[in-house]
Structure formats: structure tokens, C-alpha cells
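Student: I have a structure here, written as C-alpha cells, and I will follow up with some questions on it.
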Amino acid sequence: MIQNIENIELQFLTIHDYQELKDAMIEAYSNMPNSYWKESHINSLIEKFPEGQVVIKVNDQLAGCALSIILDYDKFDDHHTYKEITGNYTFETHKTDGDVLYGIDVFIKSEYRGLRLGRRLYDYRKELAERLNLRGIAFGGRIPNYYMHSDTLTPKEYIEKVKRKEINDPVLNFQISNDFHPSKILKGYLEGDKASNEFAVLLEWKNIYYKKHTTKAVTKKKVVRLGLIQWQMRLYHNLKELMQQAEYFVDAVSAYRSDFALFPEFFNAPLMADNNHLPESEAIRELAKHTPEIVQKFSELAISYNINIITGSMPELKDGLLYNAGYLCKRDGTSERYEKLHVTPDEAKVWGLQGGSSFKTFDTDCGKIGILICYDSEFPELSRILADEGMDILFIPFLTDTQNGYSRVRHCAQARAIENECYVAIAGSVGNLPKVHNMDIQFAQSMVFTPCDFAFPANGIKAEATTNTEMILIADVDIDMLRELNQFGSVRNLKDRRTDLFELKKK
């Protein structure tokens, strides 16, 4: 290792570096005669893609190099060769409008190893892919120690043993430690690479910030503002009065430029007061008659206030059966239905509610979201399936009468945020309804939860309302932080699942 280092600098490769580069390549690939690039090759790379060609210099001496091109990657077979990728070494395969950065070469001179200079070259490539909005990086990685094991191990077996640290392959270990994922074995990849038996490992890195090009004049927001309504249960004379209060809250959260307004479960229960003389099962069916009009009104509010509204939930009659359902009313005028899958014993016994039969993620202008009503949040399988579908934010409208009931929802919701690497927003009702049977008291504290890692609050709580007080709660959540967590988190709950032992799927 070089001593007395005065300066380490990353620079773009120039043709004036060629002789030094040639000498370094001859040394780096001493077991592969004539393996260095000719001056015409380097000149062609610099002309076609100057940003993709970089060197590291230590004390003004070339210590390492990374060469790359951009490909229209889908035009190449998964089992390509180095010759095919480089267009028979002409680099005519480079496309400025391609979508994948392909690594042509990378090396560090022997006397400079141990300084982690290779990591700087890989980090530069990642930053370049992000800046150019490419979907990732790929390259064929040599396995120069394979020749020592080729008599007893297949390339696949060799790679598995390297991953388990049973075999030391400094090249492959280094690439894996830099977040490159081995995806395929490439046979006959590099002519003359006897140490690797001409095998290579296709290594890939996914750009979590990649945005697919679109001709539409819309973009998906990355910082999303949530508006939670902690609703006060009070008596209303009619539906018009209740919806005036709902509009007041929609107006309030939209004034803060919120992207979502979340209402609680059964927020419209006060309207059952007029039917309190009826048995509970009949009173709630009378309440269900208001649901179509409420959904229509929320849809109009979503458009006029330019906000996506999650309506909490309401009783709804469907084919003669009573369900606990809600609607996502989007600001583009469309709406989608969701339903409570697990009804509580009390809901089934007193009201005759049925459990729903379908659940899914919803596409919005702020990414994919999931919605689970109250008790459903206590069944982790549901949110895990939604996470597998790409959910970034889980909304949980709830209604709980006691603090222990609230605690079940609250703690399960926070667990969902951690295990699914997503944001979770919960909103409930407070106050009391002395003139409505089975709805006497409510306990709530609306909150926004995050995963627990360095980029997030240490306790996993982004924002919290005052307990049992009518109010709104506004919180911003950054979707890109979830992407970083998924890739670089201290723990990676989604990636590290043992899917070789179990699977989870919808029926």
C-alpha cells in the first residue's frame, strides 16, 4: 500500500492518460496477454461517452480506472458475451438514449489496493446512473479464482460458496458488498479468460430513483403530505350538517396543500341518533342508506379541493348483505372501493356485518397506497401482501371505544410500518354519542408511523395528535427514503425474508 498520500482525486479519463492506463492494464491483467485497450479504443470511448470514463489518481499517479457505456439493454440476450456487448470492441452499441449503464472495465493497481478506491469508482457509477435517470447498472464480473475449483464445482456452486464465505473470491466479494446482485452465469463471456474458464457472473444494481419516461404531463410526487382528521363524535340534525363539518376539515387540510385527507371508521355514526329507537341491526341499515350520497359528495370535494380523500368507512348494503366499506375518492374524479375483511365479534353479533372478500393496492398520483380498516391492521398477512404489490403508504381508518382497543390498533400499525418498510397513517374518532346505542364512547390518538432506521425518527413516530381532542394532523413523508431503506437499511425486512421456506399469496 502506498504511504504518504497527499492527494486522491477522481477525474475524467483523457487521451493524455493513455500510456499510464496501458501500463496499468498490462499489470492488472498479466495472466491475459494483449488484454489492454488500444489507444483508438480509449479515444472512441471518450468521444462517445466522456462522463462514463473515469480514473482515480493518487499523488497525481493513475491508481485505477472505470470504463462504461450506455445500452438499450432489452436488445441484448440475457446470456450475452463481452464481444456482443461492446459491438465487437467498437462500442457502436453505446446509445445516449439507452437505459442501463454497462461496465466495460474497472481495476485498481496492486500497490493502491486496500485504500477502498474501488468503492469510489462504483459509487461514481451509481451516482452517474441516478443523474442520467438510468434504470440500473450491469456488467459481467470475472471470477478469476474459479480455475482452482472448476474440477469439483460448477460456476453456480462456486458462487454460492463465495456468498457463504466458504471460498474467498476478493473480486466477487467486493462486488456483492457494493450492492451488486449476481443474477446469471454467463458462459463464454470473455475470450481468453482462462482463470475464470471464460465464465462470468452477470451483476446488476437497480437505481431506486429511476423514473420511467412518459409523454403525459404528470409526475408522481415523492414528498407526500398527509392530512389526518381526528373527528369529534357529536350529534348532527341531518346529513347536510354532517357533510358541512366534513367539508370544513377537507378545506382545512387542503389549505395546507395536503395530498390526502383521511377520515376515521364510521365517522357518520351520529346520524343513527334518529333511529335509536330501532334495534341496532336495523338502525345501522338505515344509516347505510346515506352511503351513496356521502360518497358522491366526497367525490365532488376531492375534485373541488384538489385532494385525494379516504372516506374512512361506512355501512353499505350490497346484494342484501351489510358491509363495512369505504372509498378512495381521487382528485382526478375517479373513485375506488375498499372493504373491511375482518369484522369484530361485536360488529357481527350486534349489527350483522359481513367480512369483505377482496383487497388490493391503489394507484394514485402519489404512488401506490393500501387501506385497511381498523381490525384488519391486526392481521399482518394483509399488509405484507400489499407491500409485495408495491405499497408505500398504508392508511388505517379506525374506531375504538377503549384505550386497550386503541392500543391494539396503534401497536399493530407501527409493526406494519417496520416490517413492510412503509409509512402508516391512522385516524380515529373521539368524544361520545350518548344517544346512539353501541357507539357510546370513543378513544383515539391519530398518528403517522415510519420504519425505525437512521433516516427516520428513532421511535418510528413521524407525527401524533393530542389524545381524545378534535384536530387535524399534517405530516410530510418522503417516498425516496423508503427506496433507500429497502436498499441500504440497517436491516432489510422485505429483502431478508426467507422465501425459500415460506410463501404468502392471495387465494
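Coordinate-derived values only; no laboratory data. Remember, it's a predicted structure, so these values are computed and weren't measured experimentally. In this analysis, Cβ positions are derived from the backbone assuming ideal geometry, glycine residues included, and neighbour counts consider all displayed protein chains.
Student: What number comes out for the charge environment of Gln245, summing +1 per Lys or Arg and -1 per Asp or Glu over other residues with Cβ under 14 Å away?
Tutor: In short, -1.
Student: Based on other C-beta atoms within 10 Å, arrange Glu421, Glu470, Glu157 from fewest to most.
Tutor: Going from least to most buried by this count: Glu157, Glu470, Glu421.
Student: Let me ask something additional. Report the Stokes-Einstein translational diffusion coefficient (µm² s⁻¹, integer) for the chain, Rh taken as the Kirkwood radius over Cα pairs, at 25 °C with viscosity 0.890 mPa s.
Tutor: Translational diffusion coefficient: 93 µm²/s.
Student: Here's a follow-up. Can you give the % of DSSP beta bridges in region 283-355 that are antiparallel, to the nearest 5?
Tutor: Restricted to region 283-355, the bridges split so that about 90 percent are antiparallel.
Student: Report the Cα-based extents of region 379-507 along its three principal axes, largest first, to the nearest Å.
Tutor: Between the extreme Cα coordinates on each principal axis of region 379-507 lie 54, 35, 20 Å.
Student: For region 74-143, which GluC sites (Glu not before Pro) pass both filters: DSSP loop (anything but H, G, I, E, B) and at most 15 other C-beta atoms within 10 Å?
Tutor: Glu92
Student: Neighbour counts of other C-beta atoms within 10 Å: give me Val223, Val424 arranged from fewest to most.
Tutor: Lowest count first: Val223, Val424.
Student: Give, in whole angstrom and from largest to smallest, the semi-axes √(5λ) of the equivalent ellipsoid of region 320-366, with λ running over the eigenvalues of the Cα gyration tensor.
Tutor: 27, 10, 8
Student: I've got another one for you. With N residues in region 8-206, what two-decimal value do you get for its Cα radius of gyration over 2.2 N^0.38 Å?
Tutor: 0.98
Student: Next question. Treating the Cα atoms of region 223-488 as identical point scatterers in vacuum, please give the log10 of the normalised Debye intensity I(q)/I(0) at q = 0.07, 0.12, 0.13, 0.15 Å⁻¹, two decimals.
Tutor: -0.21, -0.65, -0.77, -1.05
Student: Please give me the summed charge of the neighbours of His277: other residues whose Cβ is under 13 Å from its Cβ, Lys and Arg +1, Asp and Glu -1.
Tutor: Here the count lands on -3.
Student: Moving to a separate point now. Let me confirm the definition first: pairs of Lys residues in region 223-488, 8 or more apart or on different chains, C-alpha distance under 15 Å. How many are there?
Tutor: 9
Student: Before rounding to the nearest 500, sum -39500 (n - 2.57) across all DSSP H runs of length at least 4 in the chain and divide by the residue total; then give [θ] at 222 nm in deg cm²/dmol.
Tutor: -8000 deg cm²/dmol
Student: I've got another one for you. By how many degrees, 0 to 90 and rounded to 10, does the Cα axis of helix 479-488 deviate from the longest principal axis of the chain?
Tutor: For helix 479-488, the angle is close to 50 degrees.
Student: Let me ask something additional. Would you mind counting up the charge near Leu190? Only other residues with Cβ under 14 Å from its Cβ, with Lys and Arg at +1 and Asp and Glu at -1.
Tutor: -1
Student: Any chance you could check the Cα centroid distance between region 9-55 and region 133-200 for me, in angstrom?
Tutor: A separation of 23 Å, based on Cα centres.
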